Amino acid sequence: MEGGGGNSKGSGLGGLFGAGGAGGPGYSHADLAGVPLTGMSPLSPYLNVDPRYLIQDTDEFILPTGANKTRGRFELAFFTIGGCCMTGAAFGALNGLRLGLKETHSMAWSKPRNVQILNMVTRQGALWANTLGSLALLYSAFGVIIEKTRGAEDDLNTVAAGTMTGMLYKCTGGVRGIARGGLAGLMLTGLYALYNNWEHMKGSVQRQSL
């Protein structure tokens, strides 16, 4: 009786969980391999989630309506000004060190010479940082104004902002100084625009040659 109860209990659990018992039908993996899963999506055995829902076809960030995917000139102005100030300070410090060593080459290494070199480094660093920072400020301001006026962002804004920056920076030198400053700004921003579009221009030339 006890053995029969054990068998009936085992067969009942086997039928409940689909295990192959004495009276229950047993299904192997080979038998279940060909059974079509109609209406069921493939699930990951590790996540138990449909992998199709994990594929991101849209952008990672949600942008406000009408916002651009790239940063505008106003957002880049702070980075441009700060970067130019730091670059000018570093270049000026190196130039000041060179000038200080050159002017004090006849002096022995002593405290007066070190103080003179340090003064030259700080003076040149502040001068170059102020110069490049002022140019970056003018360039960014003109770029933002031109962009808002035209309602478009392209390389024409870059060239125009650079030209106007050079003209305004050299306005104290008269007409000739304004012309030289505008020409210098035009050349620098023109080369920058050419560098940014070099790959596109090269691809266009290759397609035309084919």
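The values are calculated or read from the model by the stated rules, or taken from the named source; none is laboratory data. Just so you know, these numbers come straight off a predicted model, no measurement behind them. Counting neighbours? That spans all protein chains shown, and the Cβs are built from the backbone with ideal geometry, glycine included. For the accessible areas, the whole protein counts, side chains as well, though only heavy atoms, and no ligand, DNA or RNA atoms are used. Shrake-Rupley method; radii C 1.70, N 1.55, O 1.52, S 1.80 Å.
Some notes on this structure:
- When Rg and the Kirkwood Rh are both derived from Cα coordinates, the Rg/Rh ratio for region 72-133 amounts to 1.21.
- By accessible area, using a 1.4 Å probe on protein heavy atoms only, region 86-151 has 69% of its surface on carbon and sulfur.
- The slack between THR87 and GLU199, meaning 0.36 nm per residue of separation minus the straight C-alpha distance, is 37.6 nm.
- Efficiency of FRET from Cβ geometry, PHE78 and ALA108, R₀ 35 Å, rounded to 0.05: 0.15
- Total formal charge among the other residues, if their Cβ is under 14 angstrom from that of LEU94, Lys/Arg +1 and Asp/Glu -1: +3
- When only the Cβ of Lys, Arg, Asp and Glu is charged (+1, +1, -1, -1), the dipole of region 95-210 relative to its Cα centre reaches about 540 debye.
- Of the residues LEU101, LEU138, LEU94, ranked by 1.4 Å probe accessible area with the largest first, the sequence reads LEU94, LEU101, LEU138.
- Across region 176-190, coupling constants 3J(HN,Hα) worked out from phi with the 6.51/-1.76/1.60 Karplus curve, θ = phi - 60°, read 5, x, 4, 5, 5, x, x, 5, 5, x, 5, 5, 5, 5, x Hz, and Gly and Pro carry x.
- Loop-located chymotrypsin sites (Phe, Trp or Tyr not before Pro) across region 109-176 with a Cβ neighbour count of 15 or fewer within 10 Å are TRP109, with loop assigned by DSSP.
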